[in-house]
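Have a look at the structure below, then the notes.
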Amino acid sequence: MSQVLIVHAHPEPESFCTAQAHTIERALKDAGHTVDFIDLYAEGWDPVVNVNDVENPTRPFKPQEATLQAIKDGTLNPEIARHLELVLGADMLILSFPFWWFSMPAITKGW
């Protein structure tokens, strides 16, 4: 069976979107898959790129460069590193979010 990662982004825990995400989670588990569930709003995910996401950032701060170096050095922010490990370990990625103003929520984009 597959390792599945669901990344959910809706601020209302009682929303239809949230209910859909948890229904998919249960159905996949019932089918024998292993499922990890990240709820970005519930975790208080900060979607803004921050110099503190890495240790010893270069100056000037170049997010892509600093992030790659932090991954190599094992110094990436632990919360980001945990999410990255889940993504890399997944056979299937499901993004769950409402479609607002012709796009996904900003928290999903920042993730």
If we only count helices (runs of 4 or more DSSP H) wholly inside the stretch 38-111, which ones have 2 or more residues that are under 30 Å from Thr23 (Cβ atoms), open to solvent by 40 Å² or more (accessible area, probe 1.4 Å) and among the hydrophobic types (A, V, I, L, M, F, W, C)?
78-89
Provide a single number: the residues in the stretch 1-34 that are aliphatic (A, V, I, L, M) and open to solvent by 40 Å² or more (accessible area, probe 1.4 Å).
5
Which residues, taken from the stretch 66-98, are more than 11 Å from the chain's Cα centre (by Cα) and modelled with pLDDT of 95 or more?
Leu88, Gly89, Ala90, Asp91, Met92, Phe97, Pro98
Considering the stretch 84-109, residues that are out of contact with any helix residue (DSSP H, G or I) (no Cβ under 9 Å at 6 or more places or on another chain) and in contact (Cβ under 8 Å) with a residue 60 or more places away in the chain, and then whichever is farthest from Ile24 (Cα to Cα), we arrive at Lys109
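The values are calculated or read from the model by the stated rules, or taken from the named source; none is laboratory data. For clarity, every value in this text was computed on a predicted model and none was experimentally measured. Because the Cβ atoms are built from the backbone with ideal geometry, glycine has one as well, and the counts that use them run over all protein chains shown. Only protein heavy atoms, including side chains, enter the accessible area calculation; ligands, DNA and RNA are left aside. Shrake-Rupley method; radii C 1.70, N 1.55, O 1.52, S 1.80 Å.
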